[in-house]
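Below is one structure, written out as structure tokens, with a few remarks after it.
The values are calculated or read from the model by the stated rules, or taken from the named source; none is laboratory data. Owing to the predicted nature of the structure, the values given are computational and were not obtained by experimental measurement. No Cβ is skipped: glycine too gets one built from the backbone with ideal geometry, and neighbour counts run over all protein chains shown. SASA here: full protein model, heavy atoms, side chains in, ligands and nucleic acids out. Shrake-Rupley method; radii C 1.70, N 1.55, O 1.52, S 1.80 Å.
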Amino acid sequence: MTQEELFKKLISHCKEYGFVFQSSEIYDGLSAVYDYGQNGVELKNNIKQYWWDAMTRLNENIVGIDSAIFMHPQVWSASGHVGAFNDPLIDNKDSKKRYRADVLIEEWMEKQSAKITKEVTKAQKRFGDSFDEAMFLQTNPRVVKTQEKIDAIHNRMATSLENNDLAEVKKIIEDCEIACPISGTRSWTDVRHFNLMFETKMGSVSDDANTIYLRPETAQGIFVNYLNVQKTGRMKLPFGIAQIGKAFRNEIVARQFIFRMREFEQMEMQFFVRPGEELEWFEFWKEKRMRWHKAMGFGDDKYRFHEHIKLAHYANAAFDIEFDFPFGFKEVEGIHSRTDFDLASHQKHSGKKLQYFDLETNKNYIPYVVETSIGLDRTFLQVLAGAYTEEKITKDGGKVDERVLLRIPPALAPIKLAVFPLVKKDGLPEKARQIMDDLKIDFKCQYEEKDSIGRRYRRHDAIGTPFCITIDHQTIEDNTVTIRHRDSMEQERVDVSRLREIMEEEVSMKTLLKTI
Ligand code: GAP
């Protein structure tokens, strides 16, 4: 199965099993806007809890807030979003499709890198154990030439974006002979800027109504509350403020399902530190956030860091954490060292002092900030892509069956435990209900009595339920049930009185948090 086929399957799985639906589907949908279904919302809430607890419980110096989506319009002037929250766009004149110019160039560079990887694989096969990859990369003329081409384009793109030189960005596209994936032609318009913020009006009379924006990031809600939290919480540097909430961007190239949406959710944390200590904290948060991702257990090789080519004018370091999605390694989280840009700018625009008095140094200053900013929806997609598995099972008698399962970490699974009476009679449903009523206070359980046990198992494999218990005739006699494990499909017989303890150990958030 190709990665493209896998991605298509994943999208239809999300719909079929109540994870994600197209928004307003009965009206043919709204582009790049999605709704989460009955299983999706549970998974999403569990991811939020995993992040929230990792931030605000495991770090004594991080507290949370929940700020409003609407903010004073001046916030967005101060933050730079009114003037500079732009994407460089280019249109293909034949297909009339619009693209992000920098993305077109990055994709071209990825294609060139793939050529190098192909050469390496070929040479590896040819030379076997004696193959020296580092030497090959340095000496093979074709590889060296391709790498030089990539580096040159990389540098030209960084410089042109840095200098806002859009004519040069177009020239790079022409020089690389990049064609529109739809029309196949190289007939491009000039590159232009496009502001990504959604506007609306606040006020009842249109004349005096103010233009306000739907926030394009949650971070500014944290910055404008910095002093409120620092004073009322008597917080001492270094300390952090965390927030989860919706953000909105009028994305032009909205592709790849829930990877790039126009309405999405962010989980952001701003960590306030002494000026001069920010790069140390930057390294600290880079590593710590990577551990959080890897603790979900999808394989360490699925993650990598990506250093930003173009640093925002206020940042002095920025890395992304990328996940290996079916469409390649892409950003899930950004870790940015934002200096004192935001607080200083809000201080200037609002006229209110946003300083910290440092008792140790006896000095007043504006703190520096290290930000961790992760997309909730991208994390959701990461979990599904990492968990989606197709398996062949050889049954007794040699017949081969197939199952689709989601190997979601148990603490994040939408349903933790499915409860099945073997048959719909002989007091088994009543006993099953009794067990379910006892456990549902602590764990999200689902009761099912329709269809064969095998089909019920398959349905729960497909939504990632880590445990299914079956109540049979023996249960009535000796108060034991079978518990079936999703990943191994092994079954064991346990006393009903042990179920809570087993589940607690296996599915609690505590267990996942301990592995970070
Ligand atoms: N406060 C910093 C900030 O917003 P960003 O890199 O623009 O930085 C942070 O966004 C994260 O938000 C990204 O790493 C990504 O996971 C998520 N994100 C950004 N735009 C998104 C979109 N259109 N759809 C879904 N997630 C998005």
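Quote to one decimal, in nm, the extra length available between Thr121 and Glu106 on full extension: 0.36 nm per residue of separation minus the C-alpha distance between them.
Values: separation 15, 0.36 × 15 = 5.40 nm, distance 2.26 nm.
Fully extending the segment from Thr121 to Glu106 adds 3.1 nm.
For every other residue with a beta carbon closer than 13 angstrom to the beta carbon of Ile222, add +1 if it is Lys or Arg and -1 if Asp or Glu, then tell me the sum.
On the way: positive: Arg215, Arg338; negative: Asp66, Glu217, Glu268, Asp342, Glu371.
Charge balance in the 13 Å sphere: -3.
Peptides 327-339, 493-505, ordered by how many other C-beta atoms sit within 10 Å of their residues on average, highest first, read 327-339, 493-505. Per residue of the chain, the DSSP helices (runs of n ≥ 4 H) give a summed -39500 (n - 2.57) that works out to -12000 deg cm²/dmol at 222 nm. Note that region 1-87 presents 54 Å² accessible area per residue, ligands and nucleic acids not counted, probe 1.4 Å. Each Lys and Arg adds +1 at its Cβ and each Asp and Glu adds -1 at its Cβ; summed about the Cα centre, the chain shows a dipole of about 460 debye. Remark: spin-label model distance Gln474-Lys440 equals 2.7 nm, labels positioned 7 Å along the Cα→Cβ axis.
Descending by average beta-carbon neighbour count within 10 Å, the peptides 469-477, 158-166 line up as 469-477, 158-166, the highest first.
Our estimate of slack between Glu168 and Glu390, defined as 0.36 nm per intervening residue step minus the Cα-Cα distance, is 75.3 nm. Projecting label points 7 angstrom from Cα along Cα→Cβ for Asp300 and Ser488 puts them 2.4 nm apart.
Ligands, DNA and RNA left out, the 1.4 Å accessible surface of region 17-92 is 50% carbon and sulfur atoms. Electrostatic tally near Phe264: other residues with Cβ closer than 10 Å to its Cβ, Lys and Arg +1, Asp and Glu -1, net +1. If I take R0 = 35 Å and measure r between the Cβ atoms of Thr211 and Ser23 in this structure, what FRET efficiency does the formula 1/(1 + (r/R0)^6) give, to the nearest 0.05? With a Förster radius of 35 Å, E is 0.90.
In debye to the nearest 20, how big a dipole does region 249-323 give about its Cα centre with +1 on each Lys and Arg Cβ and -1 on each Asp and Glu Cβ?
Details: 13 positive and 14 negative charges, 52 e Å.
Dipole about the Cα centre, nearest 20: 260 debye.
With the highest mean first, a sort of the peptides 393-401, 444-452, 480-488 on other beta-carbon atoms found within 10 angstrom per residue produces 480-488, 444-452, 393-401.
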